[in-house]
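Note sheet for the following structure.
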Amino acid sequence: MAYLAEYGLFFAKVLTLFLMIMGVLVSLIGIAMRNRHAPAEQIEVRRINDRYREMADALETATLAPALAKKHQKIQKKERKAEAKAQKNAPEDPKKRVFVLNFHGDIRASEVSLLREEVTAILVGVREGDEVVVCLESAGGMVHAYGLAASQIMRLRDAGVHVTVSVDKVAASGGYLMACVANRILAAPFAVIGSIGVVAEIPNFNRLLKKHDIDYEQISAGEYKRTISMLGETTDRARAKVKEEVEQTHTLFKDFVKECRPVIDLDTVATGEHWLGRQAHHLNLVDDIRTSDDYLMSLRETADIFEVEYTVKKKVLDRLSGLIGQLRKGTLLSDETPVFTRLS
C-alpha cells in the first residue's frame, strides 16, 4: 500500500507538470493564432488623456447612487459625442502635443533598437512646440550600447524638440549618460542618480589552467590586439593598457556630461558616486524633484499626451525560448558572458 501511495503521488506530480507545460504551449499557440494577421512590427500610439478621463469617470460613477450613476453615464456619453464632433470639425487642434517614451535599460541596453524606431516615428511627424517625455530606468551597462541610446535622445534635441527625462527609480552610469542629454531632468525624491564612472572587469582562469598543466595558446597580430583575457596570463603592460583605455572612456563620459549639462561641477560629480534625488538636485544633476506620474497629470488639461511604443511580434518559438530563459535565470543557470568594459 505504501508503494502504491508513493507511485500515485509521483504520477500526480508528473501529470501536473505535463498539464502545466501543455497549458503554456496551448496559450502560446492561441496567442500566435490571434496575432497571425497582425504586422510583425508596428508603432502603437495610445492617448493617455483618455485613460485619465476613464479613471475619473469610473471613480465618479462608483461613488454615486445607482440611479444617479446611470444618469451620470448618459450625460458622459452625450458629452463624449459632442467632444468628438467638435474635434472633427475643428480646423486645427491648438493643444500642445506630448509624446511619452518608456526605456527600461539592461546591461546591454537591449531596448535601444525599439527606442530608435520610436524616435524616428516622432521625428517624421514632429511639429513646433511638441515635447517628448522619456520615462527612463537604467543602472547602466555597456559603453557602446548606452552611447547609441544617448544619441537617439540627441536626435530629438537636434531637431528642436524639447526633451524631458523623468527618473522614478534609477538613472545611473549609462542611464545618466542618456538622461543628461535632456533639456530638463526630473527625479523622484529617492531615485538613484549619477555614477559617472567606468569599470572594466573580467574573470581570469590562467592560474587554474597552470595548476592542472593545461596550456593556453593565443596568436595575435598587433601589440594590443589582446590585453586582458579570461584564459591568458595578465601582464603589467596589458593591465596598464586597459587602465589607460578606461581612463580615456571616463574622460569622454565626463566631457559629454559637461557639454550637455554645463551647470554641474564635474570634479564633484564625476567620481563614480551616486546620489538620491534630493541630493542630486543640490548638485544640479537633475532640475526638479517630481515623479513622472505627477508631471504627466499636470499636463492633462493643456496638452494631448500620447504614449508611443514600437512593438515587434515574437514567434511562438521565441516566446517559448524566452520562457525557458526566465526559468533558467530563476534557477541560477544563467550562461551570460562577463562584461568587459561598461559604464558604472
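The values are calculated or read from the model by the stated rules, or taken from the named source; none is laboratory data. All of these numbers come straight from a predicted model, not from anything done at the bench. As a convention, Cβ positions derive from the backbone with ideal geometry for all residues, glycine included, and neighbour counts pool all protein chains shown.
Let me spell it out: the conditions are (1) closer than 20 Å to Phe256 by Cα; (2) at pLDDT 95 or above, and Ile122 meets all of them except one. Which number is the exception?
(1)
Could you check the stretch 239-313 for helices (runs of 4 or more DSSP H) lying wholly inside it with 3 or more residues that are exposed (fewer than 15 other Cβ atoms within 10 Å of the Cβ)? Explain how you work it out, then say what you get.
On the way: elements: 266-269, 277-282, 292-298.
Result: 266-269, 292-298.
Among residues belonging to the stretch 29-48 that are among the basic types (Lys, Arg) and at pLDDT 80 or above, point out the one that is farthest from the chain's Cα centre (by Cα). Break it down stepwise before answering.
As a first pass, look at the stretch 29-48 and keep what is among the basic types (Lys, Arg): 34, 36, 46-47.
Then keep just the ones that are at pLDDT 80 or above; that gives 46-47.
Working: Arg46: 18, Arg47: 20 Å.
Filtering first and then ranking leaves Arg47.
Looking at the stretch 190-217 only, could you name the residues that are at pLDDT below 90 and of a type in the set (Gly, Ala, Ser)?
Of everything in the stretch 190-217, just one residue is at pLDDT below 90 and of a type in the set (Gly, Ala, Ser), namely Ala200.
Given (1) assigned by TED's automatic domain parsing to the domain that holds Thr249; (2) at pLDDT below 95; (3) in a helix (DSSP H, G or I), where does Lys74 come up short, assuming only one miss?
(1)
Looking at Val26, is it under 30 Å from Leu177 (Cα atoms), modelled with pLDDT of 70 or more, under 36 Å from the mean Cα position of the chain (by Cα) and not assigned by TED's automatic domain parsing to the domain that holds Leu186?
Values: under 30 Å from Leu177 (Cα atoms): no; modelled with pLDDT of 70 or more: yes; under 36 Å from the mean Cα position of the chain (by Cα): yes; not assigned by TED's automatic domain parsing to the domain that holds Leu186: yes.
No: the conditions fail for Val26.
Of the numbered conditions (1) in contact with a strand residue (DSSP E or B) (Cβ under 8 Å, 6 or more places away or on another chain); (2) at pLDDT 75 or above, Arg51 satisfies every one except a single condition; which is it?
The one condition Arg51 does not meet is (1).
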